[in-house]
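No lab work stands behind these numbers, since they all come straight from the coordinates. The shown structure was predicted, so the numbers you read here are calculated from the model rather than taken from an experiment. Using ideal geometry, Cβ is built from the backbone for each residue, glycine included, and neighbour counts are taken over all protein chains shown.
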């Protein structure tokens, strides 16, 4: 913990004198999911539980293997060992009585907020749903080809909702509502058996309001494995979404292929791209808002030199008054940076290199600035659009690519719960008109049975 007079030791780079790319590469390395970095207390805990030194990845593989072999009993055993909560099979799933009680004791204003936010999410997610496509065309010989693409919702999905340090009804909203908009009928929620998780009245009330009533009190790798493989009374899902700690992330990576996943989430992160019109107090608040996740990353990239010191001073003021100021300070010193680019072009280039989960463009003309940015999970435009709006109320999901994966990955949305199938129909005339093309390609590849499957349909007489 810092002493009251000690200044914030956040890395600062002047691109006219130093190479910011090295700093960005360093941050990316720290913020990635490697699964081989363990604290001393973590090592001792692993020895205590497993009797040998295992990496987090090895721990995850062992837990998932046990759940696959022993099913529900393994889930209960690991819940008792890891979460220190002994539950019976009957207590694992939240009961209808518990949902009703949570709904009845919930604050009316809280329920109204949940309803409003759910409405915002539904409105946006419904607007981006794709439509089935149909194409009909004629061949040169008069045949008819009908092509199409159709979308159908996944049957059953699983959601991981964190519950270790705080309750997260926002995660439930940002995952369950897009799935419901897509038409998913079965939603299973895994949440740790903690006061902030499976025993949290606010979370259970939100579940009840949304109509999500399959909620299990288990978290970590054992919860992911239960969703992926299924256990007694809990069928396997088609896709697992939602954030979690390192063990949840590694477990999702391990079961991918058995089921689909949304992403492998790392620490939360924001890049603020700012010019001389930006307010330093606003920027500082955005950086702290992600750093308070602890770990969390906050990076300022600007080409207006005075802003660096102004933001540093604003950070000092605000870190002293927010509840998680000490945690946010440590995160900013470990995972943050203040970067002075030589011009706007270099600033946007560095932003793309970082490929942040959240990008806040705090410039005079943000819609012009954003045209030069390629890589970001969610982009917030203008001085009065803090990242917290996307985290809680706007409508796009806050489940976003982290760790630089915004170079190729996207934020979660309703379309991620749809399966896409192509439809192809040729009549005999169309088959005849295109047969030569099929034959040539099949012969080129040495796959003559492909050609034969066309020829047999064009024979005028059969033996």
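Taking the Cα centre of each part, how many Å lie between region 34-111 and region 422-448?
54 Å
Just want to confirm a number: the relative contact order over the chain, from Cα pairs under 8 angstrom separated by 6+ residues, in percent. It would help to have the intermediate numbers written out before the result.
Details: 898 pairs, mean separation 93.1, N = 463.
Computed value for the chain: 20 percent relative contact order.
Counting each DSSP H run of 4 or more residues in the chain as -39500 (n - 2.57), what helix-only mean residue ellipticity at 222 nm follows after dividing by all residues, to the nearest 500 deg cm²/dmol?
Numbers: 19 runs with 214 residues, N = 463.
Rounded to the nearest 500, the figure is -14000 deg cm²/dmol.
With N residues in region 350-463, what two-decimal value do you get for its Cα radius of gyration over 2.2 N^0.38 Å? Can you show the working numbers first?
On the way: Rg = 25.5 Å, N = 114, 2.2 N^0.38 = 13.3 Å.
For region 350-463, the normalised Cα radius of gyration comes out at 1.92.
Would you mind calculating the gained length between residue 134 and residue 9 on full extension (0.36 nm times residue separation, minus the Cα-Cα distance), in nm to one decimal? Write out the running numbers ahead of the final one.
Numbers: separation 125, 0.36 × 125 = 45.00 nm, distance 5.90 nm.
That works out to 39.1 nm of additional length.
Considering only DSSP beta bridges whose two residues both sit in the chain, what percent are antiparallel, to the nearest 5?
On the way: 17 of 55 bridges.
Looking only at bridges with both residues in the chain, the antiparallel portion is about 30 percent.
So what's the gap between the Cα centers of region 309-343 and region 142-212, to the nearest angstrom?
34 Å
At 7 Å along Cα-to-Cβ for each site, give me the label-to-label distance between residue 155 and residue 393 in nm.
Modelled inter-label distance: 4.0 nm.
Cα gyration tensor of region 1-133, axes a ≥ b ≥ c as square roots of the eigenvalues: rounded (a/c below 1.5), prolate (a/b > b/c) or oblate? All intermediate terms of the calculation are to be shown ahead of the outcome.
Details: a/c = 1.77, a/b = 1.16, b/c = 1.53.
In terms of gyration-tensor shape, oblate.
Between residue 213 and residue 53, how many nm apart are label points set 7 Å from Cα along the C-beta direction?
Placing both labels 7 Å beyond Cα along the Cβ direction yields 5.1 nm.
Tell me the label only: which of (i) 96, 60, 50; (ii) 66, 60, 54; (iii) 110, 62, 50 is Cα extents along the principal axes in Å as calculated from this structure?
The value computed from this structure is option (i).
Specify the angular offset, from 0 to 90 degrees and rounded to the nearest 10, of the alpha carbon long axis of helix 428-445 from the longest principal axis of the alpha carbons in the chain.
In the chain, helix 428-445 runs at an angle near 70 degrees to the longest axis.
For 450, 384, 304, which order do you get if you count the other beta carbons within 10 Å of each Cβ and list the fewest first?
Lowest count first: 384, 450, 304.
Using only Cα atoms and rounding to the nearest 10 degrees, what angle (0 to 90) does helix 306-319 make with the longest principal axis of the chain?
For helix 306-319, the angle is close to 80 degrees.
Sort 187, 264, 424 so that the residue with the fewest other Cβ atoms within 10 Å of its own Cβ comes first and the one with the most comes last.
Numbers: 187 24, 264 20, 424 8.
Fewest-to-most Cβ neighbours within 10 Å comes out as 424, 264, 187.
Rounded, prolate or oblate: which one fits region 181-258, using the alpha carbon gyration tensor with axes a ≥ b ≥ c (rounded when a/c is under 1.5, else prolate when a/b beats b/c, else oblate)? Let's see the in-between values first.
Values: a/c = 1.75, a/b = 1.24, b/c = 1.42.
Taking the square roots of the gyration eigenvalues as a ≥ b ≥ c, region 181-258 is oblate.
Under 1.5 on a/c is rounded, so check that first for region 238-330, then, if it is not, pick prolate when a/b is larger than b/c and oblate when it is not; a ≥ b ≥ c are the square roots of the alpha carbon gyration tensor eigenvalues. Intermediate values should be presented prior to the final figure.
On the way: a/c = 4.12, a/b = 2.21, b/c = 1.86.
In terms of gyration-tensor shape, prolate.
Going by how many other Cβ atoms sit within 10 Å of their own, how do 385, 369 line up, fewest first? Walk me through the numbers before you get to the answer.
Numbers: 385 18, 369 21.
Going from sparsest to densest Cβ surroundings: 385, 369.
Mind pulling the angle between the C-alpha long axis of helix 325-335 and the longest principal axis of the chain? Nearest 10 degrees, somewhere in 0 to 90.
60 degrees
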